[in-house]
Structures are given as structure tokens and as C-alpha cells.
1. Would you please list the contacts, defined by Cβ atoms under 6 Å and residues six or more apart or on different chains, that run from a residue in the stretch 103-129 that is farther than 21 Å from Glu52 by Cβ and of a type in the set (A, V, I, L, M, F, W, C) to a residue that is open to solvent by 70 Å² or more (accessible area, probe 1.4 Å) and not in a helix (DSSP H, G or I)?
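The values are calculated or read from the model by the stated rules, or taken from the named source; none is laboratory data. Small disclaimer: the values here were computed from a predicted structure and weren't measured. Glycine also receives a Cβ, built like all others from the backbone with ideal geometry; neighbour counts cover every protein chain displayed. Note: areas computed on protein heavy atoms with side chains; ligands, DNA, RNA excluded. Shrake-Rupley method; radii C 1.70, N 1.55, O 1.52, S 1.80 Å.
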Amino acid sequence: MPNSDDKRHIAETFLLGLRTRDWALLRKIMTDDIVWTLPGYSRISGEVRGLEAVVERAQIIVGYGLTFNLKHILEGQGGLALSLHNTAERQGKILDEHLATVCRLREDRIYSIDTYLSDVDMVNSFFVI
């Protein structure tokens, strides 16, 4: 079971991978069978399964120019949650979203990500094809 320092390192690595677009770094902290769920009906919504599908979703998200502002790293028994405030502006649309990304861990790697949004409609209108 990962300790507090391990969980913090995984959380910080996840954000660093997104911010720097370091897909190899993200792959190192995730299992091959990872699942990521995200509510709504936008381009990034739904459930994706597998390491490459999760990395592809991350690539789409950062491609929309998001700024990831970490509010808190929250620790749980079997994982961690990131409290984030994400912002972006694209083609006249504004994203100003508070969210929680809950990561479940297996042997110091993320095997499940569930994202909870403060404004699903805003995400739906921002992440269009």
C-alpha cells in the first residue's frame, strides 16, 4: 500500500505529465488496464479503457489549452484525489471548472480515474469536436 509520500509523488507526477505533455511519464504511473470516467457528452466524456486510450484523452484535454491549478491533494485509503481548478479560453469559449479527479492505486500505479465536475454543461460546450 502506498504511503502518503508515494501518493503525493504520484499526484504530482500526474500533473507534471499533463502540464509538460510528457506521455512517457504518465505511462510510468498508470497500469495497462486503467479506466478513466468523465461525465457528460463532450469530446472527452464517457469511459475509456487501457493505457493508450487514457493517454489519448489526456492529449485531447491539453490540446484545448487548459491551465491546471492544483488546489489540494487529498489522500484516501486506496488512492488519492486531486482538487483542481482548470481554466482555458478557446475560440471565444471560456472554461472555468472546479473538479475532483479521484485516482485508485494498485502497487503504486493508477488503475482507475474518476473525474467529478462542478459544471458538466460548461465542459460539454467547451470540449466540442
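1. Phe126/Lys93
For (1) polar (S, T, N, Q); (2) under 21 Å from Val120 (Cα atoms); (3) modelled with pLDDT of 95 or more, each residue gets a yes or a no:
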{"position": "Glu47", "(1), (2), (3)": "no, yes, yes"}
{"position": "Leu51", "(1), (2), (3)": "no, no, yes"}
{"position": "Gln59", "(1), (2), (3)": "yes, yes, yes"}
{"position": "Leu82", "(1), (2), (3)": "no, yes, yes"}
